[in-house]
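Enquirer: What follows is a single structure, and I will ask about it in a moment.
The values are calculated or read from the model by the stated rules, or taken from the named source; none is laboratory data. Computed from a predicted structure; not experimentally measured. With ideal geometry, Cβ positions are generated from the backbone for all residues, glycine too; neighbour counts draw on all protein chains shown.
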Amino acid sequence: MLEDLKFDEKGLIPVIAQDWRTGEVRMLAWANKEAIEKTLRTGYAHYYSRSRREVWKKGESSGELQRVLEVRLDCDEDTLIYIVTQEKNRACHTGERNCFFRDIEKNKVKKVLPFEALQRLQEVIIQRLEEKPENSYTVR
């Protein structure tokens, strides 16, 4: 299937990372054939850095890894979506949950969108149930 992908003139293709649980778009990055092959082989998101001109594993230095559950191809075969679980729940290098936290017209940070409040609460409850911290009311 990799041979069917339509890479741009630089050998790159855009990749959207989407949270498997919520459908939230976490980030957009670029990948070359090597990055996609590494992603498929390891199960962890790999991208291509246009500034450093190298393949990188998401979260390798920060610990904010993206475990790839599925790779989807769009109808034109020129864009991919990695369906991911986001470790540490932060995808953006700024520390935000996703890379799309600013409003283009107002250039303001939008911390919590209304539809995200319940989603975040659910994530905290699930995390506490999995980690079982002693001081958590959720676990008691």
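Yes/no matrix, rows are residues, columns are (1) surrounded by 12 or more Cβ atoms within 10 Å (Cβ to Cβ); (2) over 27 Å from R120 (Cβ atoms):
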position: D4; (1), (2): no, yes
position: I13; (1), (2): yes, yes
position: T42; (1), (2): yes, yes
position: V71; (1), (2): yes, no
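Enquirer: Report those strands (runs of 3 or more DSSP E) wholly inside segment 15-63 carrying at least 2 residues which are on the phi < 0 side of the Ramachandran plot and aliphatic (A, V, I, L, M).
Expert: 25-31
Enquirer: On to the next question. Any residue at all in segment 58-73 that's touching a residue at least 60 places away in the same chain (Cβ under 8 Å), within 13 Å of the chain's Cα centre (by Cα) and within 23 Å of T22 (Cβ to Cβ)?
Expert: Within segment 58-73 (the criterion being touching a residue at least 60 places away in the same chain (Cβ under 8 Å), within 13 Å of the chain's Cα centre (by Cα) and within 23 Å of T22 (Cβ to Cβ)), the answer is no, since none of the residues qualifies.
Enquirer: Scan segment 94-109 and report the pairs whose first residue is acidic (D, E) and whose second residue is modelled with pLDDT of 75 or more, with Cβ atoms within less than 9 Å and a gap of 6+ or a chain change.
Expert: E96/R90
Enquirer: What number of residues within segment 73-89 are of a type in the set (A, V, I, L, M, F, W, C) and closer than 16 Å to Q127 by Cβ?
Expert: Counting residues in segment 73-89 that are of a type in the set (A, V, I, L, M, F, W, C) and closer than 16 Å to Q127 by Cβ gives 0.
Enquirer: Go through (1) in contact (Cβ under 8 Å) with a residue 40 or more places away in the chain; (2) buried (at least 17 other Cβ atoms within 10 Å of the Cβ); (3) among the acidic types (D, E) for D78 and report which single condition fails.
Expert: The one condition D78 does not meet is (2).
Enquirer: Determine if segment 89-98 includes at least one residue that is touching a Phe, Trp or Tyr at 6+ places or on another chain (Cβ under 8 Å) and modelled with pLDDT of 95 or more.
Expert: Within segment 89-98 (the criterion being touching a Phe, Trp or Tyr at 6+ places or on another chain (Cβ under 8 Å) and modelled with pLDDT of 95 or more), the answer is no, since none of the residues qualifies.
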